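Encoded as structure tokens, the structure appears first; notes follow it.
The values are calculated or read from the model by the stated rules, or taken from the named source; none is laboratory data. Just so you know, these numbers come straight off a predicted model, no measurement behind them. Ideal geometry is used to build each Cβ from the backbone, glycine not excepted, and the neighbour counts take in all protein chains shown.
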Amino acid sequence: MKINGKTRTCGLIGNPVEHTLSPVIHNHLAKTENRNLVYVPFLVEKDRVKEAVEGAYALNIHGLNVTVPYKSAVIPYLTEMDKLAENIGAVNTLVRTENGFKGYNTDMPGLLRAMETENYTIKGESVILLGAGGAARAVAMLCMEQEAKEIFLLNRSVEKAMAVAKEVNGIYKENKIIPMALSDYRKLPERKYLAIQATSVGLYPNIRDAVILEEAFYDRIAAAVDLIYNPYETRFMSMVKAHGGKAMNGLKMLLYQGIIAYELWNEVKILEETAEEILIKMKEELKIHE
Ligand code: ATR
């Protein structure tokens, strides 16, 4: 592309940033749309988040993504917050407004859109959500927003599961989230569940691990999502499939969180065929051959 006086800049702030796939997503989108926009990673040191956000605004940066460990740390420096991002308490997208950046969370809408492309639904489903960290807490909100029938929140430390359940139930004024220990899956009502794996267990290089290794658990799973995409098929996913369920990984979530950010920055709607092209590029980048 030609960089000239009208080129707009978007980017990613985080630490580290060198392994990010976001430039692949956004630069491909800009190229497809013939938009004069570049997307670059910005490494930000721990105590310089305020300067980074204010400096980006001063430099007329068009939009930013935010990654680990700053998804909450940026919030004090924003002038406005989207409701979902506020509930989640984490921001991954900053949209330029007249007087500062507005914070959004496109991770959860990204997960939803990814699931929809694979014909998964949350509405009316009985969900088993594994984990009680930041990712699981956000997924719990998504399940509430999407009106899941019930959400069994299973975590290694049951206290954390209880704290997340209490908080999220409180925000939505419902009692759909039921906290449990991992081994308590045996007490779940006999039915088929949608499982969402939101722990860090199974992530490369610990590819032989799964948060639950007991075969009996997997008989209960009709469909599953693992938020991990490295490895491309986690042990959790293989076990779901071996027991007749369907399983998807988190790569499409990453893709769609990027697409939704791009749509917010540029007030456009990206076509499904473009999304599919980018997914191929992401897999090339990750050296995934199916
Ligand atoms: P994130 O922000 O990605 O959600 P996190 O807040 O560190 O990361 O949460 C990690 C999750 O993985 C937690 O649910 C954690 O369980 P605990 O709350 O009991 O710590 C879970 N997790 C990590 N390692 C685990 C392990 N070896 N076995 C079971 N759960 C594990």
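Some notes on this structure:
- Within segment 147-173, being assigned to a loop (DSSP other than H, G, I, E, B) and buried (at least 20 other Cβ atoms within 10 Å of the Cβ) holds for one residue alone: A148.
- For segment 255-275, the condition of being closer than 20 Å to S126 by Cβ and acidic (D, E) holds for none of the residues.
- Those residues of segment 165-217 which are β-branched (V, I, T) and within 21 Å of A242 (Cβ to Cβ), in sequence order: I196, T199, V201, I207, V211, I212
- Lone unmet requirement of (1) more than 16 Å from the ligand (Cβ to nearest atom); (2) without any contact (Cβ under 8 Å) to a residue 24 or more places away in the chain; (3) outside any helix (DSSP H, G or I) for E54: (3)
- Matching residues in segment 20-35 - criterion: being in a helix (DSSP H, G or I) and either of a type in the set (V, I, T) or in contact with a Leu (Cβ under 9 Å, 6 or more places away or on another chain) (or both): S22, P23, V24, I25, H26, N27, L29, A30, T32
- Unmet criterion (only one of (1) more than 30 Å from T9 (Cα to Cα); (2) touching a helix residue (DSSP H, G or I) at 6+ places or on another chain (Cβ under 9 Å); (3) surrounded by fewer than 19 Cβ atoms within 10 Å (Cβ to Cβ); (4) of a type outside the set (S, T, Y)) for G124: (2)
- Within segment 71-111, being surrounded by 18 or more Cβ atoms within 10 Å (Cβ to Cβ), free of Cβ contacts under 8 Å to residues at least 60 places away in the same chain and among the hydroxyl-bearing types (S, T, Y) holds for one residue alone: Y77.
- Within segment 224-235, being crowded, with 21+ Cβ neighbours inside 10 Å and out of contact with any Ser or Thr (no Cβ under 9 Å at 6 or more places or on another chain) holds for A224, V225, Y229, T234.
- Condition check for N4: more than 20 Å from G250 (Cα to Cα) and touching a residue at least 12 places away in the same chain (Cβ under 8 Å): yes
- In segment 197-210, residue nearest to L142 (Cα to Cα) [restricted to those that are more than 19 Å from the chain's Cα centre (by Cα), near the ligand (Cβ under 10 Å from one of its atoms) and surrounded by fewer than 22 Cβ atoms within 10 Å (Cβ to Cβ)]: D209
- Residues considered: L227, L188, L194, L279. Of these, the only one that is farther than 20 Å from E125 by Cβ and among the hydrophobic types (A, V, I, L, M, F, W, C) is L279.
- When residues of segment 123-146 are limited to those that are part of a loop (DSSP other than H, G, I, E, B) and over 12 Å from A195 (Cβ atoms), the one farthest from the chain's Cα centre (by Cα): G124
- Test result for L251, of a type outside the set (K, R) and either under 20 Å from A161 (Cα atoms) or within 14 Å of the ligand (Cβ to nearest atom) (or both): no
- Just one of the listed residues (V68, V17, V38) is surrounded by fewer than 20 Cβ atoms within 10 Å (Cβ to Cβ) and assigned to a strand (DSSP E or B), namely V38.
- For the residues L153, L111, the requirement of being at pLDDT 95 or above and within 11 Å of the ligand (Cβ to nearest atom) singles out L153.
- From the list E145, E116, E125, E159, the one residue that fits, being within 11 Å of the ligand (Cβ to nearest atom) and not aliphatic (A, V, I, L, M), is E159.
- Of all residues in segment 162-186, none satisfies the criterion of being within 8 Å of the ligand (Cβ to nearest atom) and among the hydroxyl-bearing types (S, T, Y).
- Among (1) more than 19 Å from I221 (Cβ to Cβ); (2) small (G, A, S); (3) in contact with a strand residue (DSSP E or B) (Cβ under 8 Å, 6 or more places away or on another chain); (4) part of a loop (DSSP other than H, G, I, E, B) - the single one G103 does not satisfy: (4)
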